[in-house]
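Participant: Can you read through this structure? Questions will come right after.
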Amino acid sequence: MCMSGTEKQLPQYRAVLPHPMSKAGALCLKNDVPVVKYRYYPQPLTFNRKECKCTPVQRFVVFSMQRTGSGWFEALLNSHPNLSSHGEIFSVEKRRENIKRIKKNLDNLYNLDWISSASKNECTAAVGFKWMFNQGLMEYKGEIATYLKQNHVSVIFLFRRNILGRYVSILANVFDREKKQLNGTHRAHVHSKEEADLLAAYKPIVNLTSLIPYMERIEQIMMDAQLTFNGTRHMILFYEDLMKRPSALKRVQKFLHLPFEELESKHVKIHTLPLSEQVENWKEVSEHLKGTKYESFIY
């Protein structure tokens, strides 16, 4: 049974509602409260939730692409005491070798049996991970969309409006992967201004021939993903909004039924200058994009 000790520990969860299909939920449900199907009561096989058993949990997944601010965004999420986002679990190819293996890993994670540095000592109220489009997601998109809907998983699309900026970031990241500029190691994310300044010093040369076809392909991937998973409970979030609008993080916490917290991250932004100062052949790039639908990206 749910005792008052849980409410004292997490008073903000008094209004969070149980999933009717859960045995634990049946013990915690109050007759005068309506049911919300996106919150459930997991029963992990690897540990006992004890005083947290009456804290309902929201399943979620962040769909994104590399160099879209997803690492920073996930660090922000994980600063919430009641949320665990377990990173790019499908970056390991063996975990996504077939749809059966994918579903098994999803089941383990959403049952709170996935242990990582993101696991929390506090009562978990939201659990999820980050899934890149090139990590088996679109290969099995139909089966995955069905799984997410059947298991009431909420989807956060994290995109970058300025896909030219994303492309420049990719080129810089590829350069560092080859050159390993920070003491012989490759760093996709940094935690000091000195490290950020060192990586930002490199200015890539953009291939004009492949630039527009590349941006068209990225747009198609984004559109395909939204159409495929349109039937899920989802929200669309843009990197630019996260950077400029504090209310964006409040929207995310509300979407995940979390008590509001001031979220923070130790990640330091690498590229802070305008794009015109990040690209070696910027004059040619800007001229190439003028008069196209991508012209707005150069201003």
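Participant: Looking only at residues in segment 199-229 that are small (Gly, Ala, Ser) and assigned to a helix (DSSP H, G or I), which one is farthest from Phe60 (Cα to Cα)?
Facilitator: Narrowing segment 199-229 to residues small (Gly, Ala, Ser): 200-201, 210, 225.
If we keep only those that are assigned to a helix (DSSP H, G or I) too, we end up with 200, 210, 225.
Details: Ala200: 33, Ser210: 35, Ala225: 16 Å.
That would be Ser210.
Participant: A further question follows. Among the residues that make up segment 89-110, is at least one of them touching a His at 6+ places or on another chain (Cβ under 7 Å) and not in a helix (DSSP H, G or I)? If you could, list the steps in order and put the result at the bottom.
Facilitator: First, the residues of segment 89-110 that are touching a His at 6+ places or on another chain (Cβ under 7 Å): 109.
Add one more test, that the residue is not in a helix (DSSP H, G or I), and what stays is none.
Within segment 89-110 (the criterion being touching a His at 6+ places or on another chain (Cβ under 7 Å) and not in a helix (DSSP H, G or I)), the answer is no, since none of the residues qualifies.
Participant: May I pose another question? Somewhere in segment 185-192, is a residue modelled with pLDDT of 95 or more and either in a helix (DSSP H, G or I) or within 21 Å of Leu76 (Cα to Cα) (or both)?
Facilitator: At the first step, the residues of segment 185-192 found to be modelled with pLDDT of 95 or more are none.
No; the residues of segment 185-192 include none that is modelled with pLDDT of 95 or more and either in a helix (DSSP H, G or I) or within 21 Å of Leu76 (Cα to Cα) (or both).
Participant: While we're on this one: Looking only at segment 148-171, count every residue that is in contact with a Lys or Arg (Cβ under 7 Å, 6 or more places away or on another chain), of a type in the set (Ser, Thr, Tyr) and part of a helix (DSSP H, G or I) and tell me the total.
Facilitator: Residues flagged as in contact with a Lys or Arg (Cβ under 7 Å, 6 or more places away or on another chain), of a type in the set (Ser, Thr, Tyr) and part of a helix (DSSP H, G or I) within segment 148-171 amount to 1.
Participant: Where the second residue is at pLDDT 95 or above and not in a helix (DSSP H, G or I) and the first is among the aliphatic types (A, V, I, L, M) and lies in segment 274-285, which pairs have Cβ atoms under 9 Å and are six or more apart or on separate chains?
Facilitator: Leu275/Asn162; Val279/Lys203; Val279/Pro204; Val279/Ile205; Val279/Val206; Val285/Val206; Val285/Val279
Participant: I would also like to ask the following. Taking segment 148-207, which residues are among the aliphatic types (A, V, I, L, M) and free of Cβ contacts under 8 Å to residues at least 12 places away in the same chain?
Facilitator: Filtering segment 148-207 for residues among the aliphatic types (A, V, I, L, M) gives 148, 153, 155-156, 158, 163-164, 168, 170-172, 174, 182, 188, 190, 196, 198-201, 205-206.
Val174, Ala201, listed by residue number.
Participant: Let me ask something additional. From the set of residues in segment 60-87 that are of a type in the set (S, T, N, Q) and assigned to a helix (DSSP H, G or I), which is farthest from Ala118 (Cα to Cα)? Show your work before the answer.
Facilitator: First pass over segment 60-87, keeping only residues of a type in the set (S, T, N, Q): 64, 66, 68, 70, 78-79, 82, 84-85.
Filter again for assigned to a helix (DSSP H, G or I), leaving 70, 78.
Numbers: Ser70: 15, Asn78: 7 Å.
Going through the qualifying residues, I end up with Ser70.
Participant: Within segment 230-257, how many residues are without any contact (Cβ under 8 Å) to a residue 60 or more places away in the chain, part of a loop (DSSP other than H, G, I, E, B) and closer than 27 Å to Asn151 by Cβ?
Facilitator: Qualifying residue count, segment 230-257: 1.
Participant: Next up: Can you name the residue in segment 180-208 that is over 21 Å from Ser276 (Cβ atoms), among the polar types (S, T, N, Q) and over 26 Å from the mean Cα position of the chain (by Cα) and is also surrounded by the fewest Cβ atoms within 10 Å (Cβ to Cβ) among such residues?
Facilitator: Quick first cut of segment 180-208, residues over 21 Å from Ser276 (Cβ atoms) only: 180-195.
Still in the running and among the polar types (S, T, N, Q): 181, 183, 185, 192.
If we keep only those that are over 26 Å from the mean Cα position of the chain (by Cα) too, we end up with 181, 183.
Values: Gln181: 17, Asn183: 7.
In this case the residue turns out to be Asn183.
Participant: Sort through Arg166, Arg95 and tell me the only one that's farther than 30 Å from Ile205 by Cα, modelled with pLDDT of 95 or more and charged (D, E, K, R).
Facilitator: On the way: Arg166 fails: farther than 30 Å from Ile205 by Cα.
When all the criteria are applied, what remains is Arg95.
Participant: Output the residue which, of all residues in segment 258-299 that are assigned to a loop (DSSP other than H, G, I, E, B) and small (Gly, Ala, Ser), is farthest from Ile212 (Cα to Cα). Write out each step before concluding.
Facilitator: Filtering segment 258-299 for residues assigned to a loop (DSSP other than H, G, I, E, B) gives 258-267, 269-274, 278-281, 290-294, 299.
Those still in the list that are small (Gly, Ala, Ser) too: 265, 291.
Details: Ser265: 34, Gly291: 12 Å.
Within segment 258-299, the match that is farthest from Ile212 (Cα to Cα) is Ser265.
Participant: Does segment 122-137 contain any residue that is hydroxyl-bearing (Ser, Thr, Tyr), in a helix (DSSP H, G or I) and under 18 Å from the mean Cα position of the chain (by Cα)? Let's see the steps before the verdict.
Facilitator: Going through segment 122-137, the residues hydroxyl-bearing (Ser, Thr, Tyr) turn out to be 124.
Applying the additional criterion that residues be in a helix (DSSP H, G or I) yields none.
No; the residues of segment 122-137 include none that is hydroxyl-bearing (Ser, Thr, Tyr), in a helix (DSSP H, G or I) and under 18 Å from the mean Cα position of the chain (by Cα).
Participant: In addition: Restricting attention to segment 211-225, which residues are touching a residue at least 60 places away in the same chain (Cβ under 8 Å) and over 15 Å from the mean Cα position of the chain (by Cα)?
Facilitator: So the first thing to find is which residues in segment 211-225 are touching a residue at least 60 places away in the same chain (Cβ under 8 Å), and the list is 211-212, 215, 218, 221-222, 224-225.
Answer for segment 211-225, where residues must be touching a residue at least 60 places away in the same chain (Cβ under 8 Å) and over 15 Å from the mean Cα position of the chain (by Cα): Leu211, Ile212, Met215, Ile218, Ile221, Asp224.
Participant: So, Leu17, is that one in contact with a Leu (Cβ under 9 Å, 6 or more places away or on another chain), within 26 Å of Leu237 (Cβ to Cβ) and modelled with pLDDT under 50 or not?
Facilitator: On the way: in contact with a Leu (Cβ under 9 Å, 6 or more places away or on another chain): yes; within 26 Å of Leu237 (Cβ to Cβ): yes; modelled with pLDDT under 50: yes.
It is true that Leu17 is in contact with a Leu (Cβ under 9 Å, 6 or more places away or on another chain), within 26 Å of Leu237 (Cβ to Cβ) and modelled with pLDDT under 50.
The values are calculated or read from the model by the stated rules, or taken from the named source; none is laboratory data. A quick note: this is a predicted structure, and the numbers were derived from the prediction, not measured. Quick reminder, even Gly has a Cβ in these numbers, built from the backbone with ideal geometry, and neighbours come from all protein chains shown.
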